[in-house]
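**Student:** Got a structure here, written out as structure tokens. Questions coming.
Bear in mind that the values in this text are calculations on the coordinates, not laboratory data. Because the structure is a prediction, the values reported are computed rather than measured. Heads up, the Cβs are rebuilt from the backbone with ideal geometry, glycines too, and the neighbour counts pull from every protein chain shown.
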Amino acid sequence: MASGNFPEDLVREILLMLPVKSLLRYESVCMSWYTLITKPSFISAHFNYNAALKKSHCILVKRSLPEHVPPTESVLSFLSDEISGDDHVPPTEIIIPHYNHFLQMVGPCNGIVCLTDHLVIILCNPSIRDFKVLPAPSFNYPQGLFSRTLGVGFGFDPHSCEYKVIRIAELYEDDENWGYGFHSVNVEIYDLSTDSWREIDTIVPYVWYLPCSELLFNGAFHWWAKDEDHGGESILSFHISTEVFQQIRLPDICAAPDGNERAFLILNESIALVLFDPSEQTCFDIWLMTEYCIAKSW
């Protein structure tokens, strides 16, 4: 692609330096610019370029509209630590209509946030106030089996320049006479470029959602999971590029359920595990995994 007398590489470098709002206007200049600007690889490069320049930090908060009872719309709000200057991010609110207040945030990844209530999955770009509702998976499960979402992950594959959503689902039987019966765990992946779902043939442990217990780190997504081999609990990771799962053991003192609340976070460029008693708000323990995926490094 070339634009006038400008080579493709130069056009790309110039566009990388523009703010998002300008890029949205320039999408309509010509088809070649639209194709470039909307490529996942360009979106990722643009985010990384601007993230390296900016010194301000933003917090993305999800809340419900208080005037709606019960709440029927969710709002994403930016909070910035900058008071003034060119890097200031003004207060921004994005309304996600017709979806309940139980939407949880997954990610973010390259400025894109995944929202889900474990029934509906939405990809949202808060900077341009745009969102996309993903199509529901349409797999033919064995007769008599139903699907229920256990965990959702989201990330970018730099090798294929593809955004992927991972859905870990429980297949179960719901018999009128025998009631609920667990069958198996299914793994499904959504590719943004094809707007479609596919299954991968693998065996994974049972995962469950806990607040602040899902995160993207080191090219992999992580969930809280059952430790089938040792009993108790563990961390399940999924590498976005290789699509390989790995189970990470927890410190022995943390692996067994003990009534404490727990959360994942990234601290000093490592995964950290926070344990705290909900009735005691002045004390908590932090375990840091100093070598990624090495259980002995906790």
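**Student:** Quick one: 3J(HN,Hα) in Hz for the range 242-248, Karplus 6.51/-1.76/1.60 with θ = phi - 60°, rounded, Gly and Pro as x.
**Tutor:** Computed from phi, the couplings for the range 242-248 are 7, 6, 10, 8, 8, 9, 10 Hz.
**Student:** Per residue of the range 268-280, what does 6.51 cos²θ - 1.76 cosθ + 1.60 with θ = phi - 60° give for ³J(HN,Hα)? Whole Hz please, x for Gly and Pro, Karplus curve as stated.
**Tutor:** 6, 6, 9, 6, 10, 10, 10, 10, 7, 8, x, 8, 10
**Student:** Next question. Under the rule a/c < 1.5 gives rounded, and otherwise a/b versus b/c splits prolate from oblate, where does the range 135-250 land using the Cα gyration tensor? Please list the in-between numbers first.
**Tutor:** On the way: a/c = 2.26, a/b = 1.22, b/c = 1.85.
Here the range 135-250 falls in the oblate category.
**Student:** Ordered by packing density, taken as the mean number of other Cβ atoms within 10 Å over each peptide's residues, highest first, how do 36-47, 266-277 rank?
**Tutor:** Details: 36-47: 17.6, 266-277: 14.8.
In descending order of packing, they fall as 36-47, 266-277.
**Student:** Between residue 227 and residues 5 or more places away or on another chain, which pairs have amide H atoms under 5 Å apart, with H built 1.01 Å from N, and which residues are they?
**Tutor:** 232, 233, 234
**Student:** Right, here's the next one. Taking other Cβ within 10 Å of each residue's Cβ, how do 109, 30, 124, 293 sort, fewest first? Before the final figure, lay out the partial values.
**Tutor:** Values: 109 20, 30 12, 124 26, 293 15.
Listing 109, 30, 124, 293 from fewest to most nearby Cβ atoms yields 30, 293, 109, 124.
**Student:** Residue by residue through the range 140-153, what is 3J(HN,Hα) from phi via Karplus (6.51 cos²θ - 1.76 cosθ + 1.60, θ = phi - 60°)? Round to whole Hz and write x for glycine and proline.
**Tutor:** Per-residue couplings from phi come out as 8, 6, x, 4, x, 9, 10, 10, 9, 6, 9, x, 10, x Hz.
**Student:** Most exposed first by the Cβ proxy, i.e. fewest other Cβ within 10 Å, how do 234, 28, 213 rank? Present the calculation step by step, with values, prior to reporting the outcome.
**Tutor:** Details: 234 23, 28 9, 213 19.
Ascending number of Cβ neighbours within 10 Å: 28, 213, 234.
**Student:** I've got another one for you. Using the 10 angstrom Cβ neighbour count as an exposure proxy, how do 31, 289 rank, fewest first?
**Tutor:** Values: 31 10, 289 20.
Exposure proxy ranking, most exposed first: 31, 289.
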